[in-house]
Each structure stands twice: as structure tokens, then as C-alpha cells.
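Below is one structure, written out as C-alpha cells; the observations come after it.
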Amino acid sequence: MSPPAPTPASALWHRTPALSGCLSDPRIAAAFDDTATVRGLHADGIEGVLHEPADRSRVVLGLHNPSATEAHVNLSTLLPERADCTWRFLSGSMRTSDAADGMYVHLDGAGTAWLTAAS
């Protein structure tokens, strides 16, 4: 399977997150350099952007709720190829809930959160 084609950064809702110093971690920073694959995601009213470094060792996922009311998304549905990953919170505001079909991320109205997972 070939890697997904990059999405132009100008087409995405977010370009670089405010990660409270997380970008100083080389593994996270690699997901935002010029060789990274960036792809837009949409599910259940939530917009997302997935950054993956060229070595595919880690992903950084940004989620944004454009609605004025709370919304949630199942990470296993949004990224089935990452269903077995353990996600780690980086920044933003969210809560999670576990269900039989996977982990849900809940975002307040206009909320944004950034997560990361290793491959």
C-alpha cells in the first residue's frame, strides 16, 4: 500500500498547533517538516488533520469542532488503520470515552485538540 498523497497545507484548517513546547521534541517536529505527509479528515462533524513524518514512525492528529455545540468522533472510525494505537494528548481541550467500538474524543463547541501516536 502506498502512502496517501500529501494535502497542500494551505487547504487545511490548521497549519501548526500551539503545542506548549511539544514541537521541540524531534519526533513531533518531524510530523510538521516539509517531508511530512499531511491529510485532511472529516467525520461526525469534526474536522481533522493528520501529520505523518516521512519515516511513518509517529502521527500527530489535530481535531477541530467547527460547531457551536459539543461533538464527538470515534478514532477507530476516523483512522481505522490506527485502531490499535495508543493515543497521547498533546494540547487543546477534550475528553474521551471508551466504547465497545473504540475510543471517542469529545470536543466542546469550537474546540480543538492535538494527539499523537507511535506506529
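The values are calculated or read from the model by the stated rules, or taken from the named source; none is laboratory data. Values in this document were obtained by computation on a predicted structure and should not be read as measured data. Methodologically, a virtual Cβ is constructed for each residue, glycine included, from the backbone with ideal geometry; neighbour enumeration extends over all protein chains shown. Protein only, heavy atoms only, side chains kept; ligands, DNA and RNA dropped before computing areas. Shrake-Rupley method; radii C 1.70, N 1.55, O 1.52, S 1.80 Å.
All but one of (1) closer than 14 Å to Thr116 by Cα; (2) assigned to a loop (DSSP other than H, G, I, E, B); (3) at pLDDT 90 or above hold for Leu19; which doesn't?
(3)
If you go through region 52-70 one residue at a time, how many are open to solvent by 10 Å² or more (accessible area, probe 1.4 Å) and farther than 23 Å from Ala99 by Cα?
Total meeting the criteria: 9.
I'd like to check something: does region 35-42 contain any residue that is within 25 Å of Ser67 (Cβ to Cβ), polar (S, T, N, Q) and either open to solvent by 70 Å² or more (accessible area, probe 1.4 Å) or at pLDDT 60 or above (or both)?
No, every residue in region 35-42 fails to be within 25 Å of Ser67 (Cβ to Cβ), polar (S, T, N, Q) and either open to solvent by 70 Å² or more (accessible area, probe 1.4 Å) or at pLDDT 60 or above (or both).
Yes or no: Val49 open to solvent by less than 20 Å² (accessible area, probe 1.4 Å), in a strand (DSSP E or B), aliphatic (A, V, I, L, M) and modelled with pLDDT of 95 or more?
no
Within the set of pairs 6 or more residues apart or between chains, which connect a residue that is more than 21 Å from Glu52 (Cβ to Cβ) and basic (Lys, Arg) inside region 92-119 to a residue that is modelled with pLDDT of 95 or more and not in a loop (DSSP other than H, G, I, E, B) with Cβ atoms less than 7 Å apart?
If the second residue must be modelled with pLDDT of 95 or more and not in a loop (DSSP other than H, G, I, E, B), the pairs left are Arg95/His106.
If you take the residues in region 71-117 that are outside any strand (DSSP E or B) and among the acidic types (Asp, Glu), which one is most open to solvent (accessible area, probe 1.4 Å)?
Asp84
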